[in-house]
Amino acid sequence: MRGGDIISGWGKILRGKLPLLSIEITSECPLSCPGCYAYGDRHLGGGVTLTQLSDSRGETLVQGILRLVDQHDPMQLSLVGGEPMMRHRELSQLLPILSERGIYTMVVTSGVIPIPAEWTSLPRVTIAVSVDGLPEHHDERRKPATYERILRNIEGRRVYIHWTAVRAHVQDLNYAERYLEFWSAREEVHRIWMSVYTPQRGEQSAERLSMEDRARLAKAIPWLAAKYPKFLIKPGMARAIMQPPASPADCAFARVSANYTADLRTRVEPCVFGGDPDCSECGCAISSALHWITNEKVGPIAARRLLDASLSIGAAVARLKIAS
């Protein structure tokens, strides 16, 4: 985003708004990916799971999303799932409206369903396709959204590629090179960004990275970013991978975002992962970027102090609005 957009986002915080909004627009998904946080038992706090919620369709869904947009007035909106492309008809109605309103909107999909070509020509609309590793890992984890199907469904489009790195992906850094080389060569791919798998507290799984894995990846990020210009990660973000926020209260992303699940009423907290994420091993790309940025200085003042002050002012403004 441009500098003016960042200032606009800061202005929203001062007015008691949260500039980032994420909505799980459906509980439906044809995939059964291991480690998917959205379908975890603790994602919504343990009382109910995503698959137990009733979600909306048609005009009810479109108007429900617009109601949340009106309520939060976000600068950036992420539409996730489930698989959001299960509601592609509603999205075809919704995305031009959001684009016209000047809201940056990202649809995060597995690529299992063809992406309408007209979406990628809309201003401020981004389509992000999740591709978790090379074919030998991805196709098993995310079938039926295989490489073959994704390549067919993005042909002639303009997309971002999002990679969630799990432990098997970082044992040999030639793996990362092969991944970035393949997707960088695709004409359809505009940018590639990477997250590191974020576990729930106490989780023991094959996806979870060790500290040695994270250190190996962080050391490689600067030269990978230099070699592959489409790789949308700054060398400074490597520090955030090694020193993530200590808790949601310390996470800029969690503090400036509102997240809703498929009933369009229930909040996902403390962040998009829900449940009880282990912040000491957070690898969320947006969280890492904001954590890095807020630890930089604006003149003599740490950006984090400006954020803290702005959120305090915004909270006071919101209380005054409620009281009036």
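Would you kindly calculate the translational diffusion coefficient of the range 162-292, applying Stokes-Einstein with the Kirkwood radius from alpha carbon pairs, for 4 °C and a viscosity of 1.567 mPa s, and quote it in µm² s⁻¹ without decimals?
84
Could you work out how far apart the two model spin labels at L122 and K219 are, taking each label as a point 7 Å from the Cα in the direction of the beta carbon, and quote it in nm?
Between L122 and K219, the label points sit 4.5 nm apart.
For the range 18-323, how many pairs of lysine residues have a Cα-Cα distance under 27 Å, where the two are 8 or more positions apart or belong to different chains?
Pairs that pass both the separation and distance tests number 7.
Rounded, prolate or oblate for the range 33-185? Axes are the square roots of the Cα gyration tensor eigenvalues, ordered a ≥ b ≥ c, and the cut-off for rounded is a/c under 1.5.
Oblate, since a/c reaches 1.5 and b/c is not below a/b.
So, in nm, how far is label E59 from label R89 when the simple model puts each one 7 Å beyond its Cα toward the Cβ?
1.4
Going 7 Å from the Cα of E100 in the Cα-to-Cβ direction, what parts of the range 119-151 have a backbone nitrogen less than 14 Å from that spot?
Of the residues in the range 119-151, 123 have backbone N under 14 Å from the label point off E100.
Which semi-axis lengths, in whole Å and largest first, follow from the square roots of five times the eigenvalues of the Cα gyration tensor of the range 134-210?
24, 14, 12
Per Stokes-Einstein, at 25 °C and 0.890 mPa s, what whole-number D in µm² s⁻¹ belongs to the range 18-323, with the Kirkwood radius over Cα pairs as the hydrodynamic radius?
D = 123 µm²/s.
Label D70 and S184 with points 7 Å out from Cα along Cα→Cβ: what is the distance between them in nm?
4.7
When the Kirkwood hydrodynamic radius is evaluated over all pairs of different C-alpha atoms of the range 81-158, what value in angstrom, to one decimal, is obtained?
Averaging 1/r across every pair of different Cα atoms and inverting gives 13.0 Å.
Each residue of the range 259-274 in order: what ³J(HN,Hα) in whole Hz does its phi give by Karplus 6.51 cos²θ - 1.76 cosθ + 1.60, θ = phi - 60°, with x for Gly and Pro?
With the stated coefficients, the range 259-274 comes to 10, 10, 9, 5, 7, 6, 10, 6, 7, 9, 9, x, 8, 4, 6, x Hz.
Taken together, the values in this text are just the output of simple stated rules run on the coordinates, not laboratory data. None of the values given here were measured: they were computed from a predicted structure. Virtual Cβ from ideal backbone geometry, glycine too; neighbours counted across all protein chains shown.
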